[in-house]
Structures are given as C-alpha cells and as structure tokens.
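**Q** Take a look at the following structure, please.
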Amino acid sequence: MKDRINKLIRRLTKTYQRRSIQFTISISFTAIAIISMGFVGLTLYEKYIENSKQLVTQKNKQLIDQASLNLNTYIRNMMNISDTMYYSVIKSKDLAIEDMDKEMALLYEVNKDNLISIACFDDSGKLIAASPVATMKTDVSVQSQDWFIQANRKIENLHFSKPHVQELFDDSNFRYYWVVSLSRVVSLTYQGNTSRGILLVDMNFSDIEQLFSKVNAKGEGYVYLTDSEGELIYHPRQKMIYTNLMEENNKTAAQYEDGTHMETFQKEERAVVVKTVGYTGWKIISVTPIKEIAINLNQFKFFTVIILGVSVIVIIFGNILISQKVTNPIRKLEKSVRDLESGNLNSHIYTGGSHEIQHLGKTITSMVNQMKYLMDDIVKEQEEKRKSELDALQSQINPHFLYNTLDSIVWMVESERYPEAISMVTALASLFRISLSKGKNIISIKDEIEHAKNYLKIQKVRYKDQFSVTLDIDPQIMNYSTIKLIVQPLLENAIYYGVESMRDEGMITIRGYEEEGDIYIEVSDNGMGIPFEEQSLLLTDNNRARKRGSGIGLINVQQRIQLYFGKEYGLQIQSELDEGTTIIIHLPKVEYKEEK
Amino acid sequence: MKRVSWIVVGVCFLSLFLIISSQVYSEKQTKSSKQISVILYGNNIDRWQSLKQGMEQAGKDYEGEVNYVLMSLEHDKEEQLSLIQREIDNHADAVIIAANDSSMDLSSIRLPSKKYPILCVESGVDNQDIALVSADNYKMGESLAMEVIDHENEIAKIAIVMNHQQRDSVKARYEGFYNKIVEKFDNFTFWRSEKGENRAIIFAQRELTQEAVDVVVALDNSSLEAVIDATLNLNKNVKIYGIANSDKAVYYLDNGKVKTLVYQDEFSIGYISVKSILDGTTYKKEKMSHYIKYHVVDDTTLYLPENQHVLFPFVK
C-alpha cells in the first residue's frame, strides 16, 4: 500500500514536472488558493459555530429567565390565592357559626382561568368547603393523598405537588383534570377552638403547559420543568416520556447548579442551562442539542460551500488567464527557438512580452546573428580549403613534371644507366607515396623533407646538376606536424625562377629549426631575386597565376597554412635582387601523432 | 484553447454551478411536509384522544401533517373504503386506518403507486402487506380473563359481548379471553346485537333483561359503554370487565361500576404509526408488543402514576 502511494506520488510529481509552465502555474496557484481558502473557511466556520453556540446559550438563558419570571408570577398568584383564602377567610371565620363557601366561590370565580378547584379539609380529611361546588367521591382517601401528607409534613410551608390527575370530585361529564396541587396546613376555628386543616388549591396544569409551550416555540432546543428531586412537572414531550417512547436526563440535570452545563445524554452532546425557581425549588432546564445548532448552521454551511465553490471556479479561470498572460510570451519565444532548432536561422525571434522576455529574445536574436556570421565564415573557409586542397592535388599530378621525369627515366634506361634510373623511379615512387600520404593533409616534417629530397633528386637529374642543394634540418623538429606539400612548391619556384637561368651553379638551401617555440623552414636560393613591389603581391594577389611549374603559387601555400594553423602562421619572403630569395615557412610546434 | 473559449466555458460552468446550487437550496426550502389522512372507525373522535395526541406529537417531530377523517356512520365497511379512496384521490401522502372490518378488501382501492403507504392502527385488515400497530390483543384478552379468574367465583355466569368480531383486534381479544377463561369457568353466554338493534345499548338492555348473569365482559369501548349504560338504566348489579380506555369507561371504573379494565397505550400507537410513515422506520410485527404495551387497571390502581400517565390524556 505504502509502495503504491509512493509510486503514485512519484508518478504525479513526474507528470507535474513534465507539464507546461502554464499548467504548472495554474495548478500550483489553484492548489495554494484552494488550500488557503479551505483553511480560512474552516477557521471562520469553526468560529461561527462557536459564536452560534454562545448566542444560542445566551438566548436560552434569556428565555429561561423569562420563563422563570412568568412561572414565579404564576406561582405567586397561586400562593396569593392560598394566602388570601387562609388569612382573609379561614382565619377570620368560626366555622361552627358560619361557612366560607361564599368567599371561596368568589375567589374561585376571580381566578377560575387558572384554577381547577379550591377546597378545605379538616384533619381527618373531611371536606369543609369546596369551589366549584362538586360532589366529592365517596371512596377517596384524602389523608393518603400526597398533597395532604406533604402539607402535614412541613406545616409552616406551602407545598406544591407533582402534576397528577385530580381524583377528589365527581364530574359526570367523565372529565379528569391534570393539576398541580398547592396545599398548606391551616388553622380552623370551631367555637373558639382551633384545629388543623388543609387548604388545597388545585392549579390547572394546562396553564403551566401553555406557559412553557410559548417558551418552547421561541428558542432552539426545548425547556422543561422538574421539581427539586428531578421529577418531571412539565416537558414538551411529557407523554412520550410517560409512555417510555423517550427518556430525559431530568434526574441528573436537577442536580446541576444554576448556570450552563455541557452534558452527553444518549450519545448526544447537549448544552443545558438550569435555573431554580424561587420558593418551590423547581428547576427550569433548557436543553439545546449541539446537533440542532449544527442543523441550523446548515444554511450557513450551504452558502459557505457555494461561495467557496464559486470562488474556486473564479480562481481557476483567473489563474488560467493570468498564467496564459505570463506564459504566452515564453511560449512564443520557445516557438521561435524551436524554429531555430529545426534549422531555420532566418525565422523571426519573438521579442515581445515583459522586459525579461524581451531581453531574452534580443539576446537570442543577437546570438543567432553571431552564429550566422560565424557559419558564413566557416563555409567560406571550408570552400577555400577545398579549393587549395584541389590545387595541391593538382600539383601532385602535374603532367609536365611526370612526363619530364618519365622521359628522363627512359633516357637513362636507353643509355643503360640503370642504377640512376632505379634511383629515379624509387624517388618518384617515394614522392608520390608522400604526396598521397593516405589522404592525410597533416604529415610529419620528416616526411615533408623526405618528399622535398625526392623532388630535388628528380629535378637534379633533369637539370643535370645545375644547382646544388644544402639541407640543414634540425633533427629535433622532424617529429612535428606540417601541412603536406608546402616545401615542394617553394623548391619548384626556387628552381624555375631562382637557379634555372643562372650561368653559375645555383644553390638551394633548405633549413629547418625551432625558434621561440615555433617551427621555421627556410628555402633559399641564390637566384636573381624578386623585385620588392612584387613581394607583397605574391602572398595576397590570388590572380597571379604562375606561368610555369605546377601552377601553385606561394599564395596557395600561405592560405593552406593559415587555414589550418591560423593567421599568425604562414610565409615570409626575404629577397634581394641579384642576391637571392629566402621563403620562410612559419609553423606552430605541434607534435605529430601517426593516426592508426 | 482561445481565451474567449476559456471565458465561455468558465461562465457556463459558473452558471451551471449556481443553477444547481439554487435548485438544491430551493428544494431544501420548499420541502413540504407529508400529508397523512387518518380514517378511524366510529363517528366520535373523542374516543381517540390519546391516539391523536401521539399522532400529532410524531407529526410535529417528523414534519408531517395529520388530518382526521370522521365516518358518518358508526360502523360501515363500505364507507371506510370509500373514504380511503377519497383521501388517496385527494393526494394524501399516506393513509392510516383503524379498520372497522378486517375483511375489507383493500385491493379494490386504486393506489397511486405499488408502495403507497397504508398502515393500520388498533385494528388491522386481512392483508399481510399492511402493517398493524397495536398491542397484543390476544394477550390483552388473556390478561382480562386472568382478572376474572382471580376475582370471580367459578360458578359465576359470564356473559361475553360478541359485537364487533369483524375487527381482528376484538376477535383476538375474544380468543385470548375465552381460551384462558375456560380454565376456571364453564357457564358462558354470548351476547350479540340482533338485526334492527342499531344502538348498542338496546341490545345490552335486551340481553340484561332476558338473562341473569354475574359477570359481563366487553371487549371494546362501545360494547363496554353500552353495557354500562344498560346496567345503569336497568339498575342491574353485574360485575363488568372490559378492554377499553374511553373517558366513560375510566369514569365508571373510578366509581366502581366497572371492576377491571385492560387498556393499551394508544398514545404510543399513534406516535409509532405516524413516525413509521414519516421516517420510514419499520417495526417488526413480532416486536410490536415491545413498543406498544397494555395495562390492567382497577379502581385501586387507577391513580397510580404509571396508569395516570398512560390513561389520562392532557386536556387543554
């Protein structure tokens, strides 16, 4: 699994890296924006929930305060009824002489919207007075009623019962009322003697129900009422609790101090606000399931998601447009470079967009121009090289030279000068072997001098030793490199233009030496010399074709040396009229390595 | 892709998102509550007070609206069938019935769909596909018999009111009662309404006049009330046992006219029936007695909190 995930991550990274710059910018910016928005959204949402919880709790507190106020007022009214009945009526009457029916009926009439009945019993449970007038059930044991027992237990207090069905009076309409009984011990006077009695005010339970129904219609969650023991007095789902269709945490909640509490009941987290009602000790308990707050937040959540969704879409398209704007010049520049890559050096290089891209474009344009210039140079050089090599090749097969040499050989054979003929043929063969040099242009100085020797050997035979040759080659330079066939044309010039027309014996000297890290080969003759004005033309004027010899001028040798070794190398001419001419070949010191 | 195309795609995408969002939101807002029609046998809705309270509580909890349809006649199978059809035609989302006659043929009803929800409360129909929410009527009968066995002498003559046997609830109660009662008693008489006796009290008075009995057992509200009325009218002193929970039955239990009542928790019947339609909860038949309980009450236990809580509805 881990391997798979790693593989997937690697593949995604690779794909991401391979994608275009626009894709990378769009995806990266979008991802960052979404993550940031998600983080901010989540934080705001959490904050909003927290605030909502506080607001709901605050609201419920206010509701509870309101309910407490209403309930207090209601209870105080009931207590006032009881007090009025007791202090204004019962205490002032001697029941042996007069009854209290009239006053009781009046009090009931005034308060009948909230009351089911008012009744007074003596200590034995016998009914003394009741309003409305009703027949008491015959088999009711008043003394065993909870309100009777509780009133007798704490005689100085008023006692509020739990809600119960009133069972004292007969109602021929088969109606039964749910009541909360307010009972107290009263002092009854009979002929001046006092005895204990119980005053019962049965409050209509539906009043309490209505009072709390209004509260429950306003807030989140619900509000219920218990006595101090946690026994339910009112609950919006009271009947469900009675029939075990649901449960309430009333026993535990009644133990809470007044204030806000968090509880978990039946795996549900709820905020509970508790307030104790004065005198009765009843507890008003507000319950708000946290889930319910969350449900109410759904609308907020929904709009948040919509806003986030719209923002994400806008961001995606914004990013695409921006990245397009940013990358378009780069893409255009890249397209120009691609054209260049395909060989089209004349294609237009894009130089628009931001100043960075403009700078890049201009630099590439300049580079291309430079390249074109260099390439033209190379082409030109190559062409010259080819031309000079062709010229050199031509010199190798100079038909006149070959014809004359062969003619000399024939003459030697006819005059039976066989050793000379053999020597000549051998020299000719060696000459051609070095000329060819397996097609190489660079040969060792040793081979070049050997070639010159062979040439001179042949020419000496032809010219019947009209000139002498002195060779002075430093053996140290023999293994350095040279362009082939550069000495022979100089010798040819020395023979044709130097010593051929001399009356005296001509002298040709070949010197080879190393100086200041370079190689020099000098070819000198003691011929008539070259006028000064011609000297410079010999190395520059390409149109000065030679009339005799191989036709290869000094310029050819000069060009070939410079093509291979650079402009700083080449030929120098030193000549004086009637004194002779020396041509100096200047070469770099490059060790010759035989190619295998 | 050209920039214009991108913008067009973006605008389309955004519009689509907003349209879908507004649709979803408006669906949420306009989610209407389900309409449930309740067609109960009998022409007096007061008898169903607890059931109604249970149904209304479930309607409030699960966002449903419960409408009660009264029958014009006390017991008329055809009328109940036509009322069911009428409510379905009037676009009720579900129908709950307390079947007046369990043999009624619901296959004649034109349903808008095969899965149209119809549910029975208190008394069912002979159709396996239609669930019944009720306490175990057979056991209620047995429990009533146990009360008679415990309190009456074995030589007592017992009259069993056989009215409304067309309801499977009453029939099951009778079977439970009879199968148990014969373990101790053997002197029975069976009272039935005769033709022309449209009011139950008439047949009860006739039977009471014709035959002297020690114990009368009534297995439904209207029969029990008829027996009470008849005994009061004729000033007959018979011990009455019954399965009922009407105000009148409770009242006469309270003043000693009725010896013992067996009653079921109709608040829970009402609540569970509506809840199961609104939230789709399925209550298995064999587990129904776990949810809907019945109780045995006499004049000494009537005001015990557990009986007060179930038997007496909150009257506003």
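**Q** Using mean Cβ contacts within 10 Å as the protection proxy, how do A:95-101, B:128-134 order, highest first?
**A** Working: A:95-101: 13.4, B:128-134: 18.4.
Top to bottom by mean Cβ count within 10 Å: B:128-134, A:95-101.
**Q** Turning to a different aspect of this structure: Largest first, what is the accessible-area ranking of B:SER102, A:SER187 with a 1.4 Å probe?
**A** Working: B:SER102 5, A:SER187 35 Å².
From most accessible down to least: A:SER187, B:SER102.
**Q** Compare the peptides A:494-503, A:249-258 by average per-residue count of other Cβ atoms within 10 angstrom and give them in order, highest first. Please list the in-between numbers first.
**A** Values: A:494-503: 18.6, A:249-258: 15.3.
Descending packing order for the listed peptides: A:494-503, A:249-258.
**Q** Give me the mean projected area, in nm² to one decimal, of the convex hull enclosing the Cα positions of chain A. Can you show the working numbers first?
**A** Details: hull surface 221.0 nm².
Taking the Cα atoms of chain A, their convex hull projects to 55.2 nm² on average.
**Q** Across the range A:519-524, in residue order, what do the Karplus-derived ³J(HN,Hα) couplings come to in whole Hz, using 6.51 cos²θ - 1.76 cosθ + 1.60 with θ = phi - 60° and x for Gly and Pro?
**A** Result, ordered by residue: 10, 10, 10, 10, 10, 10 Hz.
**Q** By its C-alpha gyration tensor, with a ≥ b ≥ c as the square roots of the eigenvalues, how is the range A:246-362 shaped: rounded for a/c under 1.5, else prolate for a/b larger than b/c, else oblate? Working shown, then result.
**A** Working: a/c = 6.77, a/b = 5.79, b/c = 1.17.
Verdict is prolate for the range A:246-362.
**Q** Are there DSSP H segments in chain B that both extend 24 Å or more along their axis (alpha-carbon positions) and score a mean Kyte-Doolittle hydropathy of at least -0.5? List them, or say none.
**A** B:3-29
**Q** Hey, can you find the accessible area per residue of the protein assembly as shown for me, probe 1.4 Å, expressed in square angstrom? Working shown, then result.
**A** On the way: 47740 Å² over 912 residues.
Averaged over the residues of the protein assembly as shown, the accessible area is 52 Å².
**Q** Please report how many Lys pairs in the range A:42-110 have alpha carbons closer than 25 angstrom, counting only residues at least 8 apart along the chain or sitting on separate chains. Don't skip to the end; give the middle numbers.
**A** Numbers: A:LYS47/A:LYS59; A:LYS47/A:LYS61; A:LYS53/A:LYS61; A:LYS91/A:LYS102; A:LYS93/A:LYS102.
For the range A:42-110, the number of qualifying lysine pairs is 5.
**Q** Using Cα pairs closer than 8 Å and at least 6 residues apart in sequence, work out the relative contact order for the range B:137-264, in percent.
**A** Values: 228 pairs, mean separation 34.2, N = 128.
Reported relative contact order: 27 percent.
**Q** Can you give me the long-range amide H partners of A:VAL469? Hydrogens built in the peptide plane at 1.01 Å from N, cutoff under 5 Å, separation of 5 or more residues or another chain.
**A** A:ILE508
**Q** What distance in nm separates the simple spin-label points at B:PHE13 and A:GLU334, each placed 7 Å from Cα in the Cβ direction?
**A** Reported label-point gap for B:PHE13 and A:GLU334 is 2.1 nm.
**Q** Moving on to the next point. Within 10 Å, count the other beta carbons around each residue, average over each peptide in B:169-175, A:143-149, B:209-215, and list them highest first. Can you show the working numbers first?
**A** On the way: B:169-175: 22.6, A:143-149: 16.6, B:209-215: 14.6.
Top of the packing list down: B:169-175, A:143-149, B:209-215.
**Q** Spelling out what I want: for every residue of the range A:181-186, take phi, set θ = phi - 60°, compute 6.51 cos²θ - 1.76 cosθ + 1.60 (Karplus), and round to whole Hz; glycine and proline get x.
**A** For the range A:181-186, the Karplus-derived couplings read 8, 9, 10, 8, 7, 10 Hz, x marking Gly and Pro.
**Q** Normalised by the number of residues in chain B, what is the relative contact order in percent for Cα pairs under 8 Å and 6+ residues apart? Let's see the in-between values first.
**A** Values: 554 pairs, mean separation 58.6, N = 316.
With pairs under 8 Å counted, the relative contact order is 19 percent.
**Q** Right, something else. Write down the percent of antiparallel bridges among all DSSP beta bridges whose residues are both part of the protein assembly as shown, to the nearest 5.
**A** Working: 82 of 120 bridges.
Bridges in the protein assembly as shown are about 70 percent antiparallel.
**Q** Whose amide H sits under 5 Å from the amide H of A:ILE519, counting only residues 5 or more places off or on another chain, with H placed in the peptide plane?
**A** A:LEU587, A:LYS589
**Q** Still on this structure: Is there a pair in A:LYS267/B:LYS60; A:LYS218/B:LYS284; A:LYS137/B:LYS239 whose C-alpha atoms are over 27 Å apart, and which pairs would that be?
**A** Details: A:LYS267/B:LYS60 23 Å; A:LYS218/B:LYS284 37 Å; A:LYS137/B:LYS239 20 Å.
Pairs exceeding the cut-off: A:LYS218/B:LYS284.
**Q** Kindly identify the range B:137-264 as rounded, prolate or oblate by the Cα gyration tensor criterion: order the square roots of the eigenvalues as a ≥ b ≥ c, call it rounded if a/c is under 1.5, otherwise compare a/b with b/c, prolate if a/b is larger, else oblate. Don't jump to the answer; show the numbers that get you there.
**A** Details: a/c = 1.25, a/b = 1.19, b/c = 1.04.
Note, shape of the range B:137-264 comes out rounded.
**Q** Largest first, what is the accessible-area ranking of A:ILE442, A:ILE483 with a 1.4 Å probe?
**A** Numbers: A:ILE442 50, A:ILE483 0 Å².
From most exposed to least exposed: A:ILE442, A:ILE483.
**Q** Straight-line reach from A:LYS593: which lysines have Cα under 29 Å away, leaving out those fewer than 8 places along the same chain?
**A** Within the straight-line limit of under 29 Å, A:LYS593 reaches these lysines: A:LYS380, A:LYS385, A:LYS387, A:LYS438, A:LYS440, A:LYS446, A:LYS453, A:LYS457, A:LYS484, A:LYS567.
**Q** Just from its helices, what would the mean residue ellipticity at 222 nm be for the protein assembly as shown, if runs of 4 or more DSSP H residues each count -39500 (n - 2.57) and the sum is divided by every residue, rounded to the nearest 500 deg cm²/dmol? Walk me through the numbers on the way to the answer.
**A** Details: 27 runs with 436 residues, N = 912.
Counting only the DSSP helices, I get -16000 deg cm²/dmol.
**Q** Report in % the part of the accessible area of the protein assembly as shown that belongs to carbon and sulfur, leaving out ligands and nucleic acids; probe 1.4 Å. Walk me through the intermediate numbers first.
**A** Details: 24830 of 47740 Å².
Carbon-and-sulfur percentage of accessible area, whole number: 52.
**Q** Now a separate question. Mind ranking A:TYR455, A:TYR176 by accessible surface for me, highest first, 1.4 Å probe? Write out the running numbers ahead of the final one.
**A** Numbers: A:TYR455 0, A:TYR176 25 Å².
Largest accessible area first, the list is A:TYR176, A:TYR455.
**Q** Further question on the same structure: Where a ≥ b ≥ c are the square roots of the eigenvalues of the C-alpha gyration tensor, would you call the range A:436-568 rounded, which needs a/c under 1.5, or, failing that, prolate if a/b is larger than b/c, or oblate?
**A** On the way: a/c = 1.55, a/b = 1.17, b/c = 1.33.
Oblate.
**Q** Which aspartates and glutamates, on any chain, are close to A:LYS112 with Cα under 19 Å apart, when same-chain ones fewer than 8 places away are left out?
**A** By straight Cα distance, A:LYS112 reaches A:ASP83, A:ASP101, A:GLU103, A:GLU167, A:ASP170, A:ASP171, A:ASP202, A:ASP207, A:GLU209.
**Q** If contacts are Cα pairs under 8 angstrom and at least 6 residues apart, what is the relative contact order of the range A:397-588 in percent? Walk me through the intermediate numbers first.
**A** Working: 309 pairs, mean separation 34.9, N = 192.
Averaging sequence separation for qualifying contacts and normalising by length gives 18 percent for the range A:397-588.
**Q** Got a sec to turn the phi values of the range A:487-495 into Karplus ³J(HN,Hα) couplings, 6.51 cos²θ - 1.76 cosθ + 1.60 with θ = phi - 60°, whole Hz, x for Gly and Pro?
**A** 3J(HN,Hα) across the range A:487-495, in whole Hz: 7, 4, x, 5, 5, 4, 5, 4, 5.
**Q** Oh, and also: Rounded to the nearest 10 Å², what accessible area does A:GLU103 have for a 1.4 Å probe in the complete protein model?
**A** We get 60 Å² for A:GLU103.
**Q** Run the 1.4 Å probe and let me know the accessible area of B:ARG110, rounded to the nearest 10 Å².
**A** Probe radius 1.4 Å; accessible area of B:ARG110 about 150 Å².
The values are calculated or read from the model by the stated rules, or taken from the named source; none is laboratory data. Given the structure is predicted, the values throughout are model-derived calculations rather than measurements. In this analysis, Cβ positions are derived from the backbone assuming ideal geometry, glycine residues included, and neighbour counts consider all displayed protein chains. Heavy atoms of the whole protein, side chains included, go into the accessibility calculation; ligands, DNA and RNA do not. Shrake-Rupley method; radii C 1.70, N 1.55, O 1.52, S 1.80 Å.
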